[in-house]
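Asks: The structure follows.
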Amino acid sequence: MTSLTALRRVALATFAALTLSAATARAADLDCGDGPLIVFAAASMTDAVGEFADAFTSNTGCAVSVSVASSSTLARQVAEGAPAGVYISANRDWVKWLGENAPERLDGNPVVIAHNGLVVASISTGATDIADLLSSRFAMGDPTNVPAGIYAKAALETLGIWDAVSANAAFAENVRVALAMAARGEVGAAIVYSTDARMQPDLAIAYRFDPASHPEIAYEAVLLSGGGEVGQTFLDRLIAPQGQAILARFGFLAGGEAGQG
């Protein structure tokens, strides 16, 4: 495992070195605009998009400011006029909502940049039955608006246990808050994305939901008005091999894949 990880890192470093000169050449003609490109991203993409943004700035000289929250919160802020240039949602529904409620803010066609899986993360790995894992207090995203919560409720309904366990649920404002509650021991478990579970070494994946039990977890990104050339370039590079390699390091599945992660 260690040797494979080392080889992957070497391969990524080699790829980055090979593409850096070309990226730098293209950056010479890139209009960075008057201020930093503001990227609104789903909370579950905090680390991956943050690293990609740093690499983008290093290669182009264009500053990027990443703001993370629940996809629903970000969509509403964009509709209200927040000066974001790129929006990355943890599901398609909020991009669709934005197109219906503030169509003037969309400046391009949405594109799926990644997929994810849904799991139960817990400090204790004693229980493996989903009903047992959720028989006491657990955390999940608010199913009325947070994508991770919407997926979780759908999966529990498919399994036929939503009515039995929903009273035990603590609804969080985004998936990272649910994860933090489990990591702090405030709840016995949390329903989160598989990529989130990787970010907490004190938590283990106790259960993986069948992808067929919930809507496809697809991350959709779109250029917003004001994003301009730098925003489009950011998206182009995010879906290019170098961007996908960074997302993959954090456990995201490629835009064309779907599965458990």
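Any read-out appearing in this document is the output of simple, stated calculations on the displayed coordinates, not a laboratory observation. All figures in this text were calculated on a predicted structure; none of them were measured in a lab. Every residue, glycine as well, gets a Cβ built from its backbone with ideal geometry; the counts of neighbours run over all protein chains shown.
Asks: Using a simple spin-label model with points 7 Å from Cα along the Cα→Cβ vector, what separation in nm is obtained for residue 213 and residue 236?
Replies: Roughly 4.2 nm, to one decimal.
Asks: Say R0 is 22 Å: what FRET efficiency, to the nearest 0.05, do residue 184 and residue 144 get from their beta-carbon distance?
Replies: Here the calculated transfer efficiency is 0.35.
Asks: Restricting to the chain, compute how many DSSP beta bridges are antiparallel as a %, nearest 5.
Replies: Within the chain, antiparallel bridges account for around 55 percent of the total.
Asks: Next question, about the same structure. How high is the FRET efficiency between residue 123 and residue 82 when r is their beta carbon distance and R₀ equals 35 Å, given to the nearest 0.05?
Replies: Taking R0 as 35 Å, the efficiency between residue 123 and residue 82 is 0.45.
Asks: Just flag the GluC sites (Glu not before Pro) in region 123-225 sitting in loop per DSSP whose Cβ has no more than 16 other Cβ atoms within 10 Å.
Replies: Loop-located and lightly packed - 186, 216.
Asks: Sticking with this one: Residue by residue through region 186-192, what is 3J(HN,Hα) from phi via Karplus (6.51 cos²θ - 1.76 cosθ + 1.60, θ = phi - 60°)? Round to whole Hz and write x for glycine and proline.
Replies: Along region 186-192, the couplings run 6, 9, x, 7, 9, 8, 9 Hz.
Asks: Expected output is a single nm value to one decimal: the length gained when fully extending between residue 58 and residue 30, i.e. 0.36 nm times separation in residues minus the C-alpha distance. What is it?
Replies: Length gained between residue 58 and residue 30: 8.7 nm.
Asks: Please list, in chain and number order, the residues 5+ apart from residue 108 or on another chain whose amide H is under 5 Å from its amide H, with Hs placed from the backbone.
Replies: 223
Asks: Quick check on the chain: helices-only [θ] at 222 nm, where DSSP H runs of length 4 and up contribute -39,500 (n - 2.57) each and the sum goes over total residues. Nearest 500, please.
Replies: -13000 deg cm²/dmol
Asks: Would you please classify the overall shape of the chain from the alpha carbon gyration tensor, given that a ≥ b ≥ c denote the square roots of the eigenvalues, rounded means a/c under 1.5, and beyond that prolate means a/b larger than b/c while oblate covers the rest?
Replies: Taking the square roots of the gyration eigenvalues as a ≥ b ≥ c, the chain is oblate.
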